[in-house]
Amino acid sequence: MQRLSALTGQHNYFEDFEVGLAIRHARGKTVTNLDNVLITNMVMNTAQGHFNEDAMSKSGGPFGNGKIISYGGVNFSMVLGLAAQDCCENALAELGLDNVKLMRPVTHGDTLYAFSEVLERSDADREDAGLIRFRHYGFNQHDEQVAQVDRLVLMKRKSHWGDR
């Protein structure tokens, strides 16, 4: 039987993260019509700017240049997903998301990339895990910051989970 620790990376346990560590995540994700419109409708967001192409093309507004604007929840969720393998693969629990900031509109066809920084590291109330607070940054293909979100996770300690 395969060890549980063999299913995740060996360099993203609690002990591997130091305050100030900066991580550039390897992958990017292009925002598609499906990503945005499906999730926008699933969460019952009724703002037409997220799914009515005709209205947006006639709006002449300052956001999106007449294009559909991706719902902000989609955007920061993609940033969290892009960061997850490096930052949260060995998390036991995601305890909170805070300080969500959406800086620029994202439209269909934009590609998002993620960077992360370790803000805090502290002991938890259990000996097999610790608390890590990350700040995740999302950038588009033009290196413009589009999103930021802080994430608090309960992270496995290698000393307790590394050989399981």
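The values are calculated or read from the model by the stated rules, or taken from the named source; none is laboratory data. What you see is a predicted model, and the numbers here were worked out from it, not measured in a lab. A quick note on method: Cβ atoms are made from the backbone with ideal geometry, for glycine too, and the neighbour counts reach across all protein chains shown. Surface areas here come from the heavy atoms of the whole protein model, side chains and all, with no ligands, DNA or RNA. Shrake-Rupley method; radii C 1.70, N 1.55, O 1.52, S 1.80 Å.
Listing for the model above:
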{"item": "Hits in the range 141-157 (condition: open to solvent by 10 Å² or more (accessible area, probe 1.4 Å) and at pLDDT 95 or above)", "result": "141, 142, 143, 144, 145, 148, 151, 152, 154"}
{"item": "Candidates 106, 100, 79, filtered to the one that is modelled with pLDDT of 95 or more and in contact with a His (Cβ under 6 Å, 6 or more places away or on another chain)", "result": "79"}
{"item": "Single residue of the range 55-113 satisfying the filter (hydrophobic (A, V, I, L, M, F, W, C), out of contact with any Lys or Arg (no Cβ under 7 Å at 6 or more places or on another chain) and part of a strand (DSSP E or B)) that is surrounded by the fewest Cβ atoms within 10 Å (Cβ to Cβ)", "result": "93"}
{"item": "Residue 130 vs. criteria crowded, with 19+ Cβ neighbours inside 10 Å and over 30 Å from residue 68 (Cβ atoms)", "result": "yes"}
{"item": "Unmet requirement for residue 116, which otherwise passes all of (1) surrounded by fewer than 18 Cβ atoms within 10 Å (Cβ to Cβ); (2) polar (S, T, N, Q); (3) at pLDDT 95 or above", "result": "(1)"}
{"item": "Selection count, the range 32-54, where residues are open to solvent by less than 40 Å² (accessible area, probe 1.4 Å) and either assigned to a helix (DSSP H, G or I) or in contact with a Ser or Thr (Cβ under 7 Å, 6 or more places away or on another chain) (or both)", "result": "5"}
